[in-house]
Each structure stands twice: as C-alpha cells, then as structure tokens.
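The values are calculated or read from the model by the stated rules, or taken from the named source; none is laboratory data. Bear in mind that the values here come from a model prediction, so they are computed numbers and not experimental data. All Cβ positions, even for glycine, are placed from backbone atoms using ideal geometry, and neighbour counts span all protein chains on display.
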Amino acid sequence: MMRQPEAYLFGQVLGTHSFLLKDGFLQPDEYAEIGEQYFLPGGETGTAATVLDSLGVSVRMDGTWIGTEVAPMLVSFYRDKQVDLSPLRLMEDDPGVMDYVVIAGLVRSPMGRFRTLFSTGKRWWSIPREEDIAGCKAAAIDPFFREESLLAAEICRRHGIPYVTIDSPHDSELHRHAAVNVVSKECTGEHYKGMAPETIMEKLTAEAEVLTILTQGGGEMLYGRKGGPLKRMKPFDVEVKSTLGAGDTFKAGCVYGLLHGMNDDELVRFASACSAIAISRFPLPKHPPRLAEVQELIDRQGRTEA
C-alpha cells in the first residue's frame, strides 16, 4: 500500500523512446545500427520519480496529461514502486506526450513536438492541488508549466515545503523562493549567452537565499548562496554510456539531500554521485542509482570540491 509520499514532483512526465546506437552518432546519408531501444518513463519529472523511488523515497507526481499509449506503460512500470500516479490526468482520445532520443555515448539528440504543443495556447498539463502537496516533506517543480508551476511553488511556500527547481533565471519567482535551483548549460546558453560562469553565479546568488548550482556537463560545478563564497566541485569520474537523464537524476539527488538535511557540500556531492552513476548505464529507468552504490562511489572517490 502506498504510504504518504515524502516528495511531490510537478513537471514533464513522458513516454520516452530511446535508441542507443552501436557505432557512433548519426551521420548524413549513412546507415546507423541500433544497439538497444526502449519505451520507458521519461521527462524531467518522470525520470526524477524513478530515481527517487530507487533511493528509497516515496513520491507523488503530477504534470503532463497522459494518453492511451503512455498511460499503460507508466502504470505497468510503476506498479511495484512507491510512486503515486493518481494526480495524472488521462486523455482518452490522445496517445500522450512522447519524445524520441538518439544516443551515442556523450552525444544525444532528443526529438519531439514540444514547440508545437506549447504554441497551441492550450494547456496540456494539470493544475496542482493543495491536497496532493500538503503533507509532503520536499518537492521538485519544473518551470515549464507557467502559472501552474508558480502555483505549485506557492502551495509549497504556504505549507513550508522546500522545493528544488531547475533552469529558473535569477529574476524568476521560482528561483527566489526555491531551496535549490539547478541551472544547466542549456539555460545559461539561452539566458546568459556569452557570460562567464562566475558572472552568472553572481547574478543568481544576488537575488535570493537559495542554494544555486551551476552544472557544466563534464566540467566542474559551481555552487553557492547569497553572501557566501563561490564553491567548485568536479564531477565524479565514470565511464559514460549514455547522458540521457543525467540532469533529472541530479535534481532527484537534490530532493533526497533536502529530505535528509544535508548541508550544501553534502547535497551537491550526493547529487553529483547519483548523476555519475546514471550516465554509466543504459537505460536509466531500468537501472537507476541505488543508495548503497551512490554512497560507495562517494567513499571511493572522496571529496572533490576545490
């Protein structure tokens, strides 16, 4: 029986078709051999839910409406897991939101219809409900669902629930009131093009009392808080099989850190170790990081912050 969820997640819940190629990435007019392919839960929220369950955290998730192709897969996948799908709305006349990802080691290309979906002006995601959030101990809120993302954050604030967000600019409400904001290279390329990472961190940390983490792919992470020192940490050294889900796993690690009262250094290190394990295997939903192996990696490679 599903116990009261510890974590509430709001954002993208997808069906992801993933293709791992055998001999390097796609080249124009050349044949490519598929090594492995899967249809599994994806999206920033779907992946984070899978990882948190593997770490021993019970989850309730909401966000993207699911359809006739996506829903059966999600129900089957999460049947034996501590992930509550009940808030998700079923569309009976639509297959549901899916993406397609081609992967070869460090390189991947996602494909989908998200620009088309967002451009319709119609909402294809849920409105967060207070009864789904109240009672949880931590949350993760993706910024993509506009007023509904802000509503989820407001409900968290009313109930004193700390939340993790991702890729929220320095002047956004989600950033100002978050416990943790994880900012990726994709976000900095869009909002802070041409700016040095240190300058970006100055803008982000000046705005709010939030732990801000700037991830840079395989480069060192920068993190800090308003009025505090800028810290750096190198990623863990692992052999990369697929980078799909790396950022979503990092977010899940941050939620786990909040739930367990980790300090900033411990939280960033733990999230980084989760992400490192994630990129060392494929497909991630079938082989999410487990708590024992995350701790083993931390113990083996030690503290790597500068």
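Table for the structure above
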read-out: Qualifying positions in region 1-31 - aliphatic (A, V, I, L, M) and not in a loop (DSSP other than H, G, I, E, B); value: ALA7, LEU9, LEU14, LEU20, LEU21
read-out: Filter result for ASP237 (closer than 24 Å to GLY46 by Cα, charged (D, E, K, R) and either buried (at least 23 other Cβ atoms within 10 Å of the Cβ) or out of contact with any strand residue (DSSP E or B) (no Cβ under 9 Å at 6 or more places or on another chain) (or both)); value: no
read-out: Test result for SER109, free of Cβ contacts under 8 Å to residues at least 12 places away in the same chain and either under 25 Å from ALA246 (Cα atoms) or charged (D, E, K, R) (or both); value: no
read-out: The lone exception for ARG108 - which of (1) surrounded by fewer than 22 Cβ atoms within 10 Å (Cβ to Cβ); (2) more than 24 Å from GLU147 (Cβ to Cβ); (3) under 17 Å from the mean Cα position of the chain (by Cα); (4) modelled with pLDDT of 95 or more it fails; value: (4)
read-out: Test: residue in region 219-233 that is part of a strand (DSSP E or B), under 19 Å from the mean Cα position of the chain (by Cα), among the aromatic types (Phe, Trp, Tyr) and closer than 27 Å to LEU150 by Cα; value: yes
read-out: All positions within region 248-277 that are closer than 22 Å to GLU6 by Cα, surrounded by 22 or more Cβ atoms within 10 Å (Cβ to Cβ) and of a type in the set (Gly, Ala, Ser); value: ALA252, GLY253, GLY257, ALA271, SER272, ALA273, SER275
read-out: Residue within region 284-303 that is free of Cβ contacts under 8 Å to residues at least 24 places away in the same chain, aliphatic (A, V, I, L, M) and surrounded by fewer than 23 Cβ atoms within 10 Å (Cβ to Cβ) present; value: yes
read-out: Criterion (farther than 25 Å from SER54 by Cα and of a type outside the set (Lys, Arg)) met by exactly one of ALA206, ALA246, ALA278; value: ALA206
read-out: Pairs with Cβ under 7 Å, 6+ apart, first in region 38-59 and more than 15 Å from ASP80 (Cβ to Cβ) and among the aromatic types (Phe, Trp, Tyr), second modelled with pLDDT of 95 or more and assigned to a strand (DSSP E or B); value: TYR38/SER18; PHE39/GLY15; PHE39/HIS17
read-out: Test set (1) modelled with pLDDT under 95; (2) within 23 Å of ALA7 (Cα to Cα); (3) out of contact with any strand residue (DSSP E or B) (no Cβ under 8 Å at 6 or more places or on another chain) - GLU154 fails condition number; value: (1)
read-out: Cβ pairs under 7 Å, 6+ apart, first in region 192-203 and free of Cβ contacts under 8 Å to residues at least 40 places away in the same chain and on the phi < 0 side of the Ramachandran plot, second surrounded by 11 or more Cβ atoms within 10 Å (Cβ to Cβ) and in a helix (DSSP H, G or I); value: TYR192/ILE200; ILE200/THR188
read-out: Filter result for ARG113 (out of contact with any His (no Cβ under 7 Å at 6 or more places or on another chain) and under 18 Å from GLY11 (Cβ atoms)); value: yes
read-out: Residue match in region 68-91 (condition: within 20 Å of PHE144 (Cβ to Cβ), at pLDDT 95 or above and of a type in the set (Ser, Thr, Tyr)); value: no
read-out: Qualifying residue in region 183-191 (condition: outside any loop (DSSP other than H, G, I, E, B), under 23 Å from ARG225 (Cβ atoms), in contact with a helix residue (DSSP H, G or I) (Cβ under 7 Å, 6 or more places away or on another chain) and at pLDDT 95 or above); value: yes
read-out: In region 68-93, the residues that are among the aliphatic types (A, V, I, L, M) and in contact (Cβ under 8 Å) with a residue 40 or more places away in the chain; value: VAL70, MET73, LEU74, LEU88
read-out: Residue selected from region 84-105 under the condition over 20 Å from TYR31 (Cα atoms) and of a type in the set (A, V, I, L, M), by the criterion surrounded by the fewest Cβ atoms within 10 Å (Cβ to Cβ); value: LEU90
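For every residue, the table says whether it meets (1) under 20 Å from ASP142 (Cβ atoms); (2) touching a helix residue (DSSP H, G or I) at 6+ places or on another chain (Cβ under 9 Å); (3) among the charged types (D, E, K, R).
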{"site": "LYS203", "(1), (2), (3)": "no, no, yes"}
{"site": "GLU207", "(1), (2), (3)": "yes, yes, yes"}
{"site": "PHE236", "(1), (2), (3)": "no, yes, no"}
{"site": "SER242", "(1), (2), (3)": "no, yes, no"}
{"site": "PHE270", "(1), (2), (3)": "no, yes, no"}
{"site": "ARG281", "(1), (2), (3)": "no, no, yes"}
{"site": "PRO285", "(1), (2), (3)": "yes, yes, no"}
